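Down below is the structure, laid out as structure tokens.
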Amino acid sequence: MSWGEIKWRIAFTILCITLFSANHSMAQEVSSKATFITIRLKPHQDLKKELMALAVKEKIKAGFIATCVGSLEQVNLRYANQSSGSLRQGHFEIVSLVGTFNETAAHLHLSVSDSLGVTTGGHLLDNNLIYTTAEIVIGILTDVEFDREKDSTYGYLELAVKKRKKK
């Protein structure tokens, strides 16, 4: 993927977040600049655990996945409105990884395809193990921080975006 394609995907992601925020009745508009980190995970590493460890190491307060490509030898996803995950072994291509995270919490969705191209996706859980590689570009919003607050609609902890406190 060329640098031009990466910049286009980043701009598109930010545009989608902005449009969603502008049209959501409970949304609060908070702008921010961003920096980026690129990492490569190696065979047998755990995708979510490595992302969370990076968030702690880099003190990420408001992170998002700009892009991710790679493969997995084990997939563990929680499908919509289910209480537990579904663990599968084999060889899977990472079709997409999207979401938000900070040092303490993550809301990440993963889509993978099998050797026949059958694609599935859900909430990323621990125990998604890298097969050959995972090449990930992570955006870090520098002027805001993410929190999770209980939403009265369904009782889930949902994203709350707050202006970062000046030091």
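For the chain, what is the per residue volume of the convex hull drawn over the alpha-carbon atoms, in cubic angstrom?
128 Å³
Based solely on its DSSP helices, what 222 nm [θ] is calculated for the chain when runs of n ≥ 4 H residues each add -39,500 (n - 2.57) and the sum is averaged over all residues, nearest 500 deg cm²/dmol?
-6500 deg cm²/dmol, from helical runs alone.
Run the quick spin-label model on Tyr156 and Glu58: label points 7 Å from Cα toward the beta carbon, then report their separation in nm to one decimal.
Calculated label separation equals 2.5 nm.
What's the longest piece of the chain with no exposed chymotrypsin sites (Phe, Trp or Tyr not before Pro), counting a site as exposed if DSSP puts it in a loop and it has at most 16 other beta carbons within 10 Å?
1-78
Multiply the residue gap between Thr133 and Tyr79 by 0.36 nm, knock off their C-alpha separation, and tell me the result in nm, one decimal place.
Here the answer is 17.0 nm.
Given charges of +1 on the Cβ of Lys and Arg and -1 on the Cβ of Asp and Glu, with all other atoms neutral, how large is the dipole of the chain about its Cα centre, in debye to the nearest 20?
Charge dipole of the chain: 660 debye, to the nearest 20.
Using label points projected 7 Å from each Cα along Cα→Cβ, tell me how many nm separate Ile37 and Asp143, to one decimal.
About 2.2 nm, to one decimal.
When the Karplus curve 6.51 cos²θ - 1.76 cosθ + 1.60 is applied with θ = phi - 60°, which whole-Hz ³J(HN,Hα) does each residue of segment 63-74 get, with x for Gly and Pro?
x, 8, 8, 7, 6, 7, 9, x, 8, 10, 9, 8
Spin-label point model (7 Å from Cα, Cβ direction): what's the Leu116 to Lys163 distance in nm?
Placing both labels 7 Å along Cα→Cβ, they lie 5.5 nm apart.
Each value in this text was obtained by applying a stated rule to the coordinates, not by laboratory testing. Everything numeric here is computed off the predicted structure, so don't read it as measured data. Neighbour counts run over all protein chains shown; Cβ positions are idealised from the backbone, glycine included.
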